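Worksheet: one structure, shown below.
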Amino acid sequence: MKISVKGLEISACHGVLDFEKVTPQPFIFDIVMDVDCDDGAREDEISKTVDYSAVCALAERVTRQRVRNLIENLARDCAFAILENFERVNSVAVTVGKPQAPMDCKFGCVYATFEAKRRNAVLSLGSSEGDRRATLDSAIEKISSLGGVKVKKVSSFIETAPYGGVAKNNFINCALIAECFLSARELLALLQGIEKELGRKRLRRWDDRTIDIDIIFFGDEVIAEEGLAVPHPHYAERDFVIRPLKEICPEFVCPLTHRVVKDL
């Protein structure tokens, strides 16, 4: 079911120019949410839907908690806050309007819209250098601390032989499920940042590495872009990926092959 809030006005200080950072002006919000509330509609029970007055109060808190340059950033923060605080919201589109934007032209309002969706990202992690378990623990902690990401389930750690004929050391591998509000491309960039922070060096393919983090699944999305393929194109060939996946998401159906993980 769609639940919308239209024309919510909040006075705050946001803008690139110096005077905008200290002089309040109105911002107009349209919030459209896809909500899991069929039982609330059927039973006429507010606890089984989203309290839109609470959504408005949250948008006001986010808007006033700090000064921003861009309404794009404000729309993004509000969208993420709604998904983080209201579990029944599956997706949300937040539009922020700035009717008093300082422009030398006649206009009605300037708008920015940010859309976010709740997905489960399935990641595979491996380490073959240094204190492998400690590195994996650190990687999981860093993933958990990412904005718009919440780790929900982590598999057992397993030790596996190196894959690809280059690495010399055994790996410790695991997998995790993380609820994610980011795009797959944004998540990939953040994961690569974590790899770099933990000492990953990309010298030779299949070589030993301190940490490797791959996106295996991203909800039910199939993505084929430069530098990003989801589902991971080789996951089904790799026992060190499949074994942890069977532990944490055995009933998941691959959106590309339509095979069930437990049957791989």
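Once the convex hull of all Cα atoms in segment 107-253 is built, its volume per residue stands at 138 Å³.
Here the sum of -39500 (n - 2.57) over DSSP H runs of 4 or more residues, divided by the residues of the chain, equals -8500 deg cm²/dmol at 222 nm, to the nearest 500. Approximating the spin labels as points 7 Å out from Cα along Cα→Cβ, the VAL5-to-ARG61 distance works out to 1.2 nm.
Within a straight-line Cα-Cα reach of under 29 Å, LYS152 can be paired with the following lysines, leaving aside sequence neighbours fewer than 8 residues apart in one chain: LYS2, LYS48, LYS117, LYS142, LYS196, LYS201, LYS246, LYS262. Rolling a 1.4 Å probe over the protein heavy atoms of segment 50-133, with every protein chain left in place, gives an accessible area that is 45 percent carbon and sulfur. Ranking of HIS258, HIS14, HIS234 by solvent-accessible surface, largest first: HIS258, HIS234, HIS14 (1.4 Å probe, protein heavy atoms only, all chains present).
Give the separation of the Cα centroids, segment 71-115 to segment 175-245, in Å. Each part's Cα centre sits 30 Å from the other's. The alpha carbons of segment 157-210 give a radius of gyration and a Dmax of 13.3, 37 Å, in that order. Legend: translational diffusion of the chain by Stokes-Einstein, Rh = Kirkwood radius over C-alpha pairs, 37 °C, 0.692 mPa s; D = 158 µm²/s. Summed over the residues of the chain and divided among them, the accessible surface reaches 52 Å² per residue at a probe radius of 1.4 Å. Annotation note: trypsin sites (Lys or Arg not before Pro) in segment 73-169 located in DSSP loop regions with a Cβ neighbour count of at most 10 within 10 Å are LYS106, LYS168. Across the accessible surface of segment 159-205, with the other protein chains kept in place and a 1.4 Å probe, carbon and sulfur atoms take up 51 percent. Only protein heavy atoms count here; under a 1.4 Å probe, LEU17 has an accessible surface of about 80 Å².
For a test of the definition: using alpha carbon positions, the gyration tensor, and the 1.5 limit on a/c, classify segment 1-132 as rounded, prolate or oblate.
oblate
Ranked by solvent-accessible area (1.4 Å probe, protein heavy atoms only, all chains present), the residues PHE19, PHE86, PHE107 order from largest to smallest as PHE19, PHE107, PHE86.
The values are calculated or read from the model by the stated rules, or taken from the named source; none is laboratory data. As the structure is a prediction and not an experimental result, all values here were calculated from the model. We place every Cβ from the backbone using ideal geometry, glycine too, and count neighbours over all the protein chains shown. Calculation scope for accessible area: heavy atoms of the full protein, side chains included, ligands and nucleic acids excluded. Shrake-Rupley method; radii C 1.70, N 1.55, O 1.52, S 1.80 Å.
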